[in-house]
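Reading through the C-alpha cells given below for one structure.
Every number here is computed from the coordinates shown, using simple stated rules; none is lab data. Please read all numbers here as calculations on a predicted model, not as lab measurements. Every residue, glycine among them, receives a Cβ derived from its backbone with ideal geometry; neighbour counts consider all protein chains shown.
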Amino acid sequence: MRKDKILIVDDEANLCDFLTLLLSEDGYETRSVTSAKEALEALEEDTFRLMITDLRMPEIGGLDLVAECKARFPMLEVIVMTAYASLESAVEALRMGAADYVTKPLQVEEIRVVVQKALEGIALKSENRRLKAKLKAEGAAELKIMGNSEETRVMLELVRRVAPSDSTILITGDSGTGKELVAQYIHECSTRADSDFVTVNCAALPDTLLESELFGHRRGSFTGAIRDKEGLFKVASGGTLFLDEIGDMSPALQVKLLRALQEREVLPIGATKPVSIDVRVIAATNADLERKQKSGDFRPDLYYRLSVIPIHIKPLRERPDDILELSEYFLRRACKRNQLAPKSLSSETQRVFLAYEWPGNVRELENTIERIVILTDADTIEPVSLPAKLTGLQTESFQMPSGAAMQSLEEVEKNYMVHVLEETGWQKRRASEILGIDPSTIYRKLLRYGITPPR
C-alpha cells in the first residue's frame, strides 16, 4: 500500500472531504485544511510529498501559496485546481513550479491520473538522485579524498557502503584529519546529494545562540527575536546536517538533540507545537566521547544514537603511505592557485616528510606546502626550504667546539648565525625565519662582522 502523504487545501470543506475520501480509498495518507495559512502551518509540522490546492482562496491565493511552497519546501510537488480555469492561470501556476492542474468540477478519474503522474514524477526524480549519487560514489567524488594507505582504502569502502542509507553517522579523529571532508563526501554520495549540506560548529557558539541556530525560534520568544527564524534542522530539510565538534555541546542541548533524533521533530524556542524534520545527521568530534560519558559530560543515550555507524579517521602519522600522495596533490594545487610553475619535492625532502609526525595532520601538511610554494623560488624543494620544526634545525647540530676557549656573546651570535646560513644554503630569508629576526638585520650583521657570503 502506498504511504505517500498528500495535503489538500481548499476553502470549501465539502471538496476537502471528497478528495480525502477518494485519495484515502486509493491508499494515500491525507490531511486537509481550508486556508493557505493552515497549509503553511501543516507543512511546517509534517512532511508531505504532494499538495493539491485551490487557486482562489481568501487572504492568500493559490498562486501565492505555490510560490511560497516552492521557495520554502522545494521537494514538495503541487497540483492546482480552480473553478475559474483559464490558460493564463494554468500557465502561471506551472511557471511557478506546479506539477499539473485540474479544473472544477473535478472528475474522479482525472484526479487519480494527475495524482499518480505527479507522484511518479517524484519517484523518477528520486531515482535520478540515487543514480547520480552512485556515479559520484564510483567516480569523481572519491578524488577529493586521497590516499594509498590500507587505512584510507578501508575507510572509503565503509563510506561508500553507508552513504546511500539515512543512518546517523559519527566521525571521530584528531583535529586536521579531514572529518568535514568525509562528511561532505558522504552527502555527495547519498540520495540527498541534490539538497543542502548544512554545517554548524557546536563549539563556536554559546548555548543560547546554538539552540536558536539548530532548532529555530518564534517571534518575541526572547529579546531580539523580532521575527520567526527557521533552525538549521529545518533549513537542511531533505539534505544533511553536519554537527562538528559535537563533544563540546552542553548537557542541556544534548537532551534536545536526542529528542530531535528520536522523534524526527524539533521544538523551536517559544513554540508550542513541534516541527517535523527530514534530515540526515552526521556528527564529528576530536574528543574522547567514551571518556566524556564516564565523567558525565556526554550522555550515553545520545552517543549510541549518534554512533549508529561510527567512522574513525586515523592520524596522518599512522598512515605514512598517504603522506607523499597528499603532498604531491597539495603541491600541484598550491602552484596552480598561485599561478606558479610546477614544483617537486626532492628525495631528501620526501624523507623529511615521512619522518615528521605531523601533529596537525592533513591540515598542517596542506598549510606547510602552501607556505613552501610561496617562499621558495627553486623548482625542486630541498630540506633547506622547509620550516625548522620539520628539520629540527633549531634544536640540534650547533654545538660549541670541545675544549674551545670561552667566547663572548657577540662571537657566539656570529658563529650561530653563520651556522644557520650555511645550513640554509645562505638563503637569508629562510635563515631570518629560523633566527626570528628580519632579513635586513642579517645583512647589517654580515657587514658588521665582515662576512662575505659565498658566490
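Listing for the model above:
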read-out: Charge context of Lys314, other residues only, Cβ under 14 angstrom, K/R +1, D/E -1; value: -3
read-out: Percent antiparallel among DSSP beta bridges (both partners in the chain, rounded to 5); value: 10
read-out: Within segment 178-215, backbone nitrogen closer than 19 Å to the virtual label 7 Å beyond the Cα of Lys389 toward Cβ; value: 178-179
read-out: Pairwise label distance in nanometres, Asp46 with Leu124, each label 7 Å out on the Cα-Cβ vector; value: 2.8
read-out: Sites Lys294 and Leu354 - FRET efficiency at Förster radius 51 Å, r taken between beta-carbons, to 0.05; value: 0.90
read-out: Inter-label distance, nm, simple model (7 Å from Cα along the C-beta direction), Val108/Glu59; value: 3.3
read-out: DSSP beta bridges in segment 148-279 [antiparallel fraction, %, rounded to 5]; value: 40
read-out: Sparse-neighbour loop sites [GluC sites (Glu not before Pro); segment 247-316; at most 15 other C-beta within 10 Å; DSSP]; value: none
read-out: Shape category assigned to segment 156-313 from the gyration tensor of Cα positions, a/c cut at 1.5; value: oblate
read-out: Coil-residue GluC sites (Glu not before Pro) of segment 1-100, DSSP, other Cβ within 10 Å capped at 10; value: Glu59
read-out: Segment 317-391: C-alpha gyration tensor shape, a/c 1.5 cut-off, then a/b vs b/c; value: prolate
read-out: Entries of Lys37/Lys256; Lys314/Lys343; Lys37/Lys104; Lys179/Lys343; Lys229/Lys292 with Cα pairs more than 26 Å apart; value: Lys37/Lys256; Lys314/Lys343; Lys179/Lys343; Lys229/Lys292
read-out: Whole-number percent relative contact order across the chain, with pairs defined as alpha carbons under 8 Å at least 6 apart; value: 11
read-out: Cα-based convex hull, segment 5-129, per residue volume (Å³, whole number); value: 100
read-out: Calculated [θ] (222 nm, deg cm²/dmol) that DSSP helices of n ≥ 4 give over the chain, each run adding -39,500 (n - 2.57); value: -14500 deg cm²/dmol
read-out: Mean Cα-pair separation over length for segment 156-313, i.e. relative contact order, pairs under 8 Å, 6 or more apart, %; value: 34
read-out: Computed Rg/Rh of the chain, alpha carbon atoms with Kirkwood Rh; value: 1.15
read-out: Under the Debye formula (equal points on every Cα, no solvent term), log10 I(q)/I(0) of segment 263-365 at q = 0.11, 0.14, 0.21, 0.25 Å⁻¹; value: -0.63, -0.80, -1.13, -1.31
read-out: Arg333-Glu29 pseudo-label distance in nm [points 7 Å out on the Cα-to-Cβ vector]; value: 4.3
read-out: Using a Förster distance of 25 Å, the FRET efficiency for Asp11-Arg264 (Cβ separation, nearest 0.05); value: 0.20
read-out: Fewest-first ranking of Asp288, Asp297, using other Cβ atoms within 10 Å as the exposure measure; value: Asp288, Asp297
